[in-house]
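Notes follow once the structure below has been shown.
The values are calculated or read from the model by the stated rules, or taken from the named source; none is laboratory data. It should be emphasised that the depicted structure is a prediction, and the values quoted were computed from it without experimental measurement. FYI the Cβ positions are ideal-geometry reconstructions off the backbone, even for glycines, and counts take in every protein chain you see.
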Amino acid sequence: MTSQQPALTASSDNPFFAVWTTPFGVPPFERIRPEHFSPAFERAFAEHEEEIKAIAENSASPTFDNTIVVLELSGQALSRVNDVFDALAGAHTNAALLALERELSPRTARHWNTIRMNMQLFARIDELFQKRDKLGLTGEQARVLERYHTSYRRAGAALEGENKKKLAVLTERLASLGTSFSQNVLADEQAYVLVLENEDELAGLPDFVRAAARAEAEERRHSGKHTFTLSRSSVEPFLRFSARRDLREKIYRVWMARGEGGGATDNAGIIAETVKLRAERAKLMGYESFAHFRLDDAMAKTPQAVRTLLERVWQPARTRALIDRDDLQSLVQEEGGNFKLAPWDWRYYAEKLRIVRCDVDEAAVKPYLQLERMIEAAFDTAQRLFGLSFARVDVPVWHPDVRAWDVHDAQGRHLGLFFGDYFARSSKHGGAWMTTLRDQKKIDGDTRPLVVNVMNFNKSEPTLLSIDDARTLFHEFGHALHALLSDVTYPMISGTNVFTDFVELPSQLYEHWLEQPQVLRRFAQHVRTGEAMPEPLLEKLIAAGKFDRARETLEYLGSAFFDLDLHQANAVGLSAKKFEETELSALGMPAEIAMRHRPPHFAHVFSGNGYASAYYSYLWSEVLDADAFNAFEETGDIFDPATAKRLKDHIYSAGGTRDPEALYIAFRGRLPTPDALLRKRGLAETA
């Protein structure tokens, strides 16, 4: 049985009950309808439960093969339907899917609670774990066994009696809360649009911003007008260029208040209950706080280790940001503005100051950053580093805008499919992410992955990106490569199934190649003339890379500190808004800068457990990625073959086969310090 085929077949029009004969085993999206999911999930749940029962009740003594291997082979029908559902729920949802998501989240949590709290099953895993040194396991097998033991133990398998029941209830409720949080944010994002009708309202907006706003208006049936949404790629250009301070304030306040409207989509109660239940969960598991529980299974290990890193970066970033703030305030006054700089002013005046300091503005750069050429640049970088090639293929997709490529390695072997879903739409959650429709594994044949990048760029003809947008594209493609290059046997440790504070290394590292002169010289071409970016402009763009990084750093750190401290506080009856105010005051956050993700729309932390107490992970991984790129720079060749091979072997292809520190040392020869990170962010001189 492979992951492309269901374990059960039936005479039915439900695609999940049939073998998929599509190219590469891609889900037949054109035939999948919302009503297919409930019966498919119920059948898959039942099948998985029977598989688990057979493993747990096996009368033979536990072995790696009859316990761990069989566990790895179980639940394939469930994975198949769940992967498709998650892709659609995130990237192309509708009312039926939203309702089903609310129904499924507690049902799914209940299913996994039953499995991971199965004492018979855990007893078999634990027996193997206790005698692991005598089993003659390979390194990869030993790692898989350790991860199973850890994941089941942390899920409460070793708890007894009432505590086990309490944890099951908590886990199920937390799943429901996370879904509600995410859907509330989406509802607020869908409900708002800023419609501009005359030239006065468009003052200051360059042609490329107007073109994207016209295209969005046509999409939303506001023909002849310009519209801006709460997508980051729509809001931020408006804040950067609009000369209308009143309109900047208007859209900024709505953007910051997503999930905080006081009505049905208000997330305050959800946050309070989530934090309370997470604290109870940690207590049941014997931990001081949820932060301690969460970080015990991460590279950082402790909240104090995280705080030490955050504080190491906070002070130099704040010092630099205060200098920048004063310079921006001076610019306001020089222009005759009789007002104090506000958060909705920062990007507008920073763009003016960037023109003065760096002699470059986004309006001059953006015509050179076409989406199609940036996709080519990401592919070419992968070819030069890892020998990969990408060929467009016609396969089923979930929306007409989605594209797919067949990926091959240097020897011509098929590695998997890569799907790109680049444009914003009302049916899609905000942000950018990577996911899979199928993971790589070799346990039951060579199964190649189906890897997806989802973004929210404003669609126009042609689509032009900011340098931040282009960086996002490279970032998510770095995640995609982590999944595409995966070369492991077991699904448990395949691709991006690694610690959260390690998973961002391949993605953030890949961003470095975007801003290298030899990449930009080749792929940054003017949208009308096709001419390469002039060398003086290219040099200025690269030199301006550290401009306004202090503000960006404080936005990020504010969210990271909030996440960490909130989950250490074990607060009951929590007001997230008051906690936010207290936290930012204690940090000394400048009033002109807000958190990158305020609590009511902090999806990383509250729409699931993925980054809860772990939003710091981006900075932790940045310490690694800054040092890792230095490994290439030290050779004098950013595509050095020997360094690229070590990177592929020990980072991109290795999945979770070893402890992350061991993998990094195998690549670099040592662990890094934060010094390279501070230099990368332009903060070394203020540290």
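Output the residues belonging to the range 113-137 that are surrounded by 17 or more Cβ atoms within 10 Å (Cβ to Cβ) and either of a type in the set (Asp, Glu) or in a helix (DSSP H, G or I) (or both).
Selection gives ASN113, ILE115, ARG116, LEU121, PHE122, ARG124, ILE125, ASP126, LEU128, PHE129.
Name every residue in the range 329-357 that is more than 16 Å from ALA550 (Cβ to Cβ) and in a loop (DSSP other than H, G, I, E, B), in order of residue number.
The answer is GLU335, GLY336, GLY337, ASN338, PHE339, LYS340, ALA342.
Need the failing condition index for ALA586 against (1) over 30 Å from ASP359 (Cα atoms); (2) in a helix (DSSP H, G or I); (3) touching a Lys or Arg at 6+ places or on another chain (Cβ under 8 Å); (4) of a type in the set (A, V, I, L, M), just the number.
(3)
Here's the yes/no breakdown for (1) more than 15 Å from HIS292 (Cα to Cα); (2) in contact with a Phe, Trp or Tyr (Cβ under 8 Å, 6 or more places away or on another chain); (3) assigned by TED's automatic domain parsing to the domain that holds ALA342:
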{"residue": "SER559", "(1), (2), (3)": "yes, yes, yes"}
{"residue": "LEU574", "(1), (2), (3)": "yes, no, yes"}
{"residue": "THR582", "(1), (2), (3)": "yes, no, yes"}
{"residue": "ALA594", "(1), (2), (3)": "yes, no, yes"}
{"residue": "ARG598", "(1), (2), (3)": "yes, no, yes"}
{"residue": "GLY608", "(1), (2), (3)": "yes, no, yes"}
{"residue": "TYR611", "(1), (2), (3)": "no, no, yes"}
{"residue": "ALA628", "(1), (2), (3)": "yes, yes, yes"}
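Restricting to the range 178-209, count the residues that are in a helix (DSSP H, G or I) and in contact with a His (Cβ under 6 Å, 6 or more places away or on another chain).
Final tally of qualifying residues: 2.
Consider the range 417-443. How many of its residues are touching a helix residue (DSSP H, G or I) at 6+ places or on another chain (Cβ under 6 Å) and charged (D, E, K, R)?
Total satisfying the criteria: 4.
So, in the range 313-344, of the ones that are crowded, with 18+ Cβ neighbours inside 10 Å and among the charged types (D, E, K, R), which residue ends up farthest from THR673 (Cα to Cα)?
Per the criteria, the residue is ARG325.
Taking ALA364 and the conditions (1) over 23 Å from HIS475 (Cβ atoms); (2) without any contact (Cβ under 8 Å) to a residue 60 or more places away in the chain, which numbered condition does it fall short on, given that it satisfies the others?
(2)
Do you know which residues across the range 359-372 are surrounded by fewer than 18 Cβ atoms within 10 Å (Cβ to Cβ) and not in a loop (DSSP other than H, G, I, E, B)?
Correct list: ALA363, ALA364, GLU372.
With the requirement that a residue be in a helix (DSSP H, G or I) and of a type in the set (A, V, I, L, M, F, W, C), what does the range 542-567 give you?
Matches in the range 542-567: ILE542, ALA543, ALA544, ALA550, LEU554, LEU557, ALA560, PHE561, PHE562, LEU564, LEU566.
Only one residue in ALA410, ALA404 is out of contact with any His (no Cβ under 7 Å at 6 or more places or on another chain) and part of a strand (DSSP E or B), so which one is that?
Within the list ALA410, ALA404, the selection yields ALA404.
Kindly indicate whether ALA87 is in contact (Cβ under 8 Å) with a residue 24 or more places away in the chain, surrounded by 19 or more Cβ atoms within 10 Å (Cβ to Cβ) and assigned to a helix (DSSP H, G or I).
yes
Would you check which residues across the range 441-464 are touching a residue at least 40 places away in the same chain (Cβ under 8 Å), farther than 17 Å from SER507 by Cβ and part of a loop (DSSP other than H, G, I, E, B) and list them?
Residues satisfying the conditions are LYS442, ASP444, ARG448, ASN458, LYS459, SER460, GLU461, PRO462, THR463.
Considering only residues of the range 204-257 that are surrounded by fewer than 17 Cβ atoms within 10 Å (Cβ to Cβ) and of a type in the set (Lys, Arg), which is nearest to PHE602 (Cα to Cα)?
Ranking the candidates gives ARG253 first.
For the range 377-400, how many residues meet the condition of being surrounded by 15 or more Cβ atoms within 10 Å (Cβ to Cβ) and assigned to a helix (DSSP H, G or I)?
Going through the range 377-400 one residue at a time, the tally reaches 9.
Which of the residues belonging to the range 148-175 are buried (at least 18 other Cβ atoms within 10 Å of the Cβ) and in a helix (DSSP H, G or I)?
Correct list: TYR148, HIS149, TYR152, ARG153, LEU167, ALA168, LEU170, THR171, GLU172, LEU174, ALA175.
What is the one condition in (1) among the hydroxyl-bearing types (Ser, Thr, Tyr); (2) out of contact with any Ser or Thr (no Cβ under 9 Å at 6 or more places or on another chain); (3) not in a helix (DSSP H, G or I) that SER613 does not satisfy?
(2)
Out of the residues in the range 401-431 that are crowded, with 19+ Cβ neighbours inside 10 Å and aliphatic (A, V, I, L, M), state the one that is nearest to GLY610 (Cα to Cα).
ALA424
Determine which single condition ALA644 fails, assuming it passes every other condition in (1) in contact with a helix residue (DSSP H, G or I) (Cβ under 8 Å, 6 or more places away or on another chain); (2) surrounded by fewer than 21 Cβ atoms within 10 Å (Cβ to Cβ); (3) touching a residue at least 12 places away in the same chain (Cβ under 8 Å); (4) under 18 Å from VAL503 (Cβ atoms).
All conditions are met except number (4).
From GLY263, GLY259, grab the single residue that is without any contact (Cβ under 8 Å) to a residue 60 or more places away in the chain and not in a helix (DSSP H, G or I).
Residue meeting the stated conditions: GLY263.
Determine which single condition ALA300 fails, assuming it passes every other condition in (1) buried (at least 22 other Cβ atoms within 10 Å of the Cβ); (2) within 15 Å of HIS567 (Cα to Cα); (3) assigned by TED's automatic domain parsing to the domain that holds ASN570.
Condition not satisfied by ALA300: (2).
Would you say VAL313 is among the β-branched types (Val, Ile, Thr), closer than 30 Å to LYS352 by Cβ and in contact with a Lys or Arg (Cβ under 8 Å, 6 or more places away or on another chain)?
yes
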